[in-house]
Protein chains: 2
Amino acid sequence: VRDLIPTIALKKGAVELIDQTLLPAEYKVLRIAKVEALCEAITSLRIRGAPALGIAGAYGLLLGVEEEWRTSGGHYFDENGFVADGFPPAVTADAVRRHLGLVSERLRGTRPTAVNLGWALDRMMDIWRREWPGPAEMLRALHGEARAIFEEDVAMCRAIGRSGAALLKDGDAVLTHCNTGGLATSGYGTALGVVFAAVESGKRIHVYADETRPLLQGARLNAWECVARGIPVSVLCDGASAALMSEKKIACVIVGADRIAANGDTANKIGTFSLALAASRFGVPFYVAAPSSTIDPSIPDGTAIPIEHRSADEVKSFRGVVTVPREAGAYNPAFDVTPRDLIAGFITEQGIVQPPFGG
Amino acid sequence: VRDLIPTIALKKGAVELIDQTLLPAEYKVLRIAKVEALCEAITSLRIRGAPALGIAGAYGLLLGVEEEWRTSGGHYFDENGFVADGFPPAVTADAVRRHLGLVSERLRGTRPTAVNLGWALDRMMDIWRREWPGPAEMLRALHGEARAIFEEDVAMCRAIGRSGAALLKDGDAVLTHCNTGGLATSGYGTALGVVFAAVESGKRIHVYADETRPLLQGARLNAWECVARGIPVSVLCDGASAALMSEKKIACVIVGADRIAANGDTANKIGTFSLALAASRFGVPFYVAAPSSTIDPSIPDGTAIPIEHRSADEVKSFRGVVTVPREAGAYNPAFDVTPRDLIAGFITEQGIVQPPFGG
């Protein structure tokens, strides 16, 4: 990897994305031409990570238009913009608006906790609700907005990296949770982007990656990204983080976020809260790295953040290997909420900031 | 399961044990006739759990005598005692002592952290070092001592259960870590034995079992034992325990111990320390349940407890499925040390006790 990982891209009327459920064993790019297939990819975590889901949401709306009005052979959108002149003249702007509304609600329901998905869909809605001379102008503007969401994320990740890199010294070890690199974003990363930026500035950093059960995004994806960039990485089971920090090897913990409340309470991948408690015990600074779009000022504190509970099967088996007796149940929240008092600071594209976050 | 799980037994010159690596998918009893095979079973965690390892150590010494001097067709030991009259008359008591010394050191080296293994081997050594008229008398006494170690563990687990059951109320939910039931002991259990005793006294208890990566003893074994006894059980990923306790569903946490220092610092399966930190955050009482033989008064505090680091492969793959890129390393301590300040009390066969523990 030289620069950005091609996590998700718009290609000739379809969305292409790396199937992250297959990594690290297999690198496979999926071509997705239908909204339902994209929803399945999101629900099955073939693509995941709050910023990447924002981009997926915006691209998914364009996909919805393609799917509804595509004519044989042609396409309306690709990586260059709204390219077709042949959008059916009989289709009104209001018909497109109605369809976008339906697609938007379908996409919004796939992952209830990630604020960026809803945020990106709202940005797109702001565009299509305006007055437009006709559908072509509206669609051109929607493509521009979707590209802007992508490009802004690239710029934001770079800026987050710059903001955080100064926290790391040459020779430091950093503990990470879940996947917070290019695969979770437009291609660079948030928490792991801070490490990348430090390494790019010449510092040697060792990454300790929590494996992050049940879906092992840390073991599979953060480790894969570090290896791809030549950064030394060691994986540990989630329960081993307190032991690791007790050996005083860790300069800081940097995690991502799926939603940040106005008071700083932070929803992130399950296991983050335990990590923050261990860091607190050993005086290891615990940072959250995220674009400021992850902050939801309409939510006063963590108690109001909706938490997605996922299928028991994620806990009860692993790639077909049964690990739990059939008769047993499972408790499987996808996220936990780390209270603000355990968080040393929020590394955003605007620098390192502290709550409260205004509306 | 009506009473005791047949975790490990002495049978006609061999040791039989349930291969715990195959549970819950398969229930298979291994017949082991060689010390090296027993060491492999211990190292590979086919049998594990501090009290069970003490029994395995004592039985392993008898196996060593069988293996060295067995004649075709016959055997010296079975579940009933030292049964053969045909022990070779040319073999001196000192020759048996020398061989036992070698076997003992081989067994002792298999798992450095579990104090019960060394404790059981030391108890056996106290027997063979005495003056004996001849090998037959010595071997008869050694069998008696090995049986006593087993029988005492049965009685101790029952007593631990009685000590702890009073802590639980009808309707309580209890959070457990690793396997602490019959499979970890002579057949009943320590921390999970407390739950069994409460259930036997008519209380309804719901068990939440930490899956306990990397080897999933909680998911596979604690859940299997609860199902076998008809106790409702839900499995969670290790990182989810803070979220679970934040929902205030948990009456108490009860874990086992592999070694307890004089000041109360407790080595137990990796992940225990994180659990204790989460319990502390939410004011959930955190108990250690263990036979008093787990207390090592010669060790002043946790810093002096040797911690076994195990193979990276345990973290990097799961039953043949690769979960981590080949180029990545792994941090895989088998145990962590929970500081005494996080422990509400020690549930032993002598009641609920508090450190310091005298020498």
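Laboratory data are not the source of any read-out in this text; all were calculated from the coordinates shown. Because the structure is predicted, anything quoted here is derived from the model rather than measured. Here Cβ is always computed from backbone atoms with ideal geometry, including for glycine, and neighbour counts include all displayed protein chains.
A few remarks follow.
- Relative contact order [Cα under 8 Å, 6+ residues apart], chain A, whole percent: 16 percent
- Region A:214-318: trypsin sites (Lys or Arg not before Pro) falling in loop per DSSP and having at most 16 other Cβ within 10 Å: A:LYS248, A:LYS249
- The slack in the chain from B:GLU36 to B:ASP341, taken as 0.36 nm per residue of separation less the alpha-carbon distance, amounts to 105.8 nm.
- Computed over neighbours whose Cβ is under 12 Å from that of B:SER317, the net charge equals +2, Lys and Arg +1, Asp and Glu -1.
- Taking the C-alpha atoms only, the angle from helix B:93-108 to the longest principal axis of chain B is near 20 degrees.
- For region B:62-168, size of Cβ-based charge dipole, Lys and Arg +1, Asp and Glu -1, in debye: 340 debye
- Partners for B:LYS12 among lysines (Cα-Cα distance below 17 Å; same-chain residues under 8 apart left out): B:LYS34
- Spatially proximal lysines relative to A:LYS316 (Cα-Cα < 22 Å; intrachain offsets below 8 disregarded): A:LYS269, B:LYS28, B:LYS249, B:LYS269, B:LYS316
- Normalised by residue number, the volume inside the convex hull of the Cα atoms of the protein assembly as shown is 161 Å³ per residue.
- Percentage relative contact order, region B:199-313, counting C-alpha pairs under 8 Å, at least six apart: 23 percent
- Just so you know, the averaged projected area of the alpha carbon convex hull for region A:235-359 sits at 9.0 nm².
- The mean sequence distance of close C-alpha pairs (under 8 Å, at least 6 residues apart), as a share of the length of region B:185-258, puts its relative contact order at 30 percent.
- Panel note: the C-alpha atoms of region A:1-125, placed on their principal axes, show extents of 48, 31, 24 Å (largest first).
- Paramagnetic label reach from B:ARG204 (point 7 Å along Cα→Cβ; backbone nitrogen cut-off under 19 Å): within region B:234-268, residues B:234-235, B:249-252.
- Other-copy label distances relative to A:ARG204, 7 angstrom Cα-Cβ extension, nm: 6.1
- Most positive-pole-ward Cα, B:LEU62, B:LEU45, B:PRO6, against dipole of region B:1-72 from beta carbon charges: B:PRO6
- Inter-copy label distances at B:ARG319 (7 Å, Cα→Cβ; nm, one decimal): 1.2
- Rough spin-label spacing in nm, given labels placed 7 Å along Cα→Cβ, for A:GLU26 and B:ARG108: 5.1 nm
- For region A:1-75: rounded, prolate or oblate by the Cα gyration tensor [a/c cutoff 1.5]: prolate
- Residue of A:VAL199, A:VAL15, A:VAL29 that the Gaussian network model of chain A assigns the largest fluctuation, springs spanning Cα pairs under 10 Å: A:VAL29
- Estimated dipole of region B:154-240 in Debye, rounded to 20 [Cβ of Lys and Arg +1, of Asp and Glu -1, Cα centre]: 200 debye
- Scaled to the globular estimate 2.2 N^0.38 Å, the Cα spread of chain B, given as radius of gyration, is 0.99.
- Folded to 0 to 90 degrees: helix B:135-165 orientation relative to chain B principal axis, Cα: 10 degrees
- For the peptide A:221-228, the mean number of other protein chain Cβ atoms found within 10 angstrom of a residue's Cβ is 3.
- In chain A, the calculated helix contribution to ellipticity at 222 nm averages -11000 deg cm²/dmol per residue, counting -39,500 (n - 2.57) for every DSSP H run with n ≥ 4.
- Remark: spin-label model distance B:VAL91-A:PHE282 equals 4.9 nm, labels positioned 7 Å along the Cα→Cβ axis.
- At 7 Å out from Cα toward Cβ: A:SER44 inter-copy label distances (nm, ascending): 3.5
- Residue among B:TYR331, B:SER246, B:ALA290 farthest towards the positive dipole end of region B:245-359, charges placed on Cβ: B:SER246
- Taking Cβ atoms as reference points and 12 Å as the exclusive limit, the residues near A:ALA304 contribute a net charge of -2, counting Lys and Arg as +1 and Asp and Glu as -1.
- Inter-part distance where region B:22-93 and region A:242-261 are each reduced to a Cα centre, Å: 46 Å
- Within a Gaussian network of chain B (alpha carbon springs, distance under 10 Å), most fluctuating of B:THR176, B:THR43, B:THR323: B:THR323
- Of all the options B:PRO214, B:PRO325, B:PRO232, the one that moves most in a Gaussian network model of chain B with Cα springs shorter than 10 angstrom is B:PRO325.
- Radius ratio Rg over Rh of region A:97-198, counting only Cα atoms, Kirkwood formula for Rh: 1.12
- Environment charge at A:ALA261 (Cβ cut-off 15 Å; Lys +1, Arg +1, Asp -1, Glu -1): -4
- Cα gyration tensor shape for region B:68-156, rounded if a/c is under 1.5, else prolate or oblate: prolate
- Cα gyration tensor, region B:172-292 - rounded (a/c under 1.5), prolate or oblate: rounded
- Using a Förster distance of 51 Å, the FRET efficiency for A:GLU131-A:ASP170 (Cβ separation, nearest 0.05): 0.35
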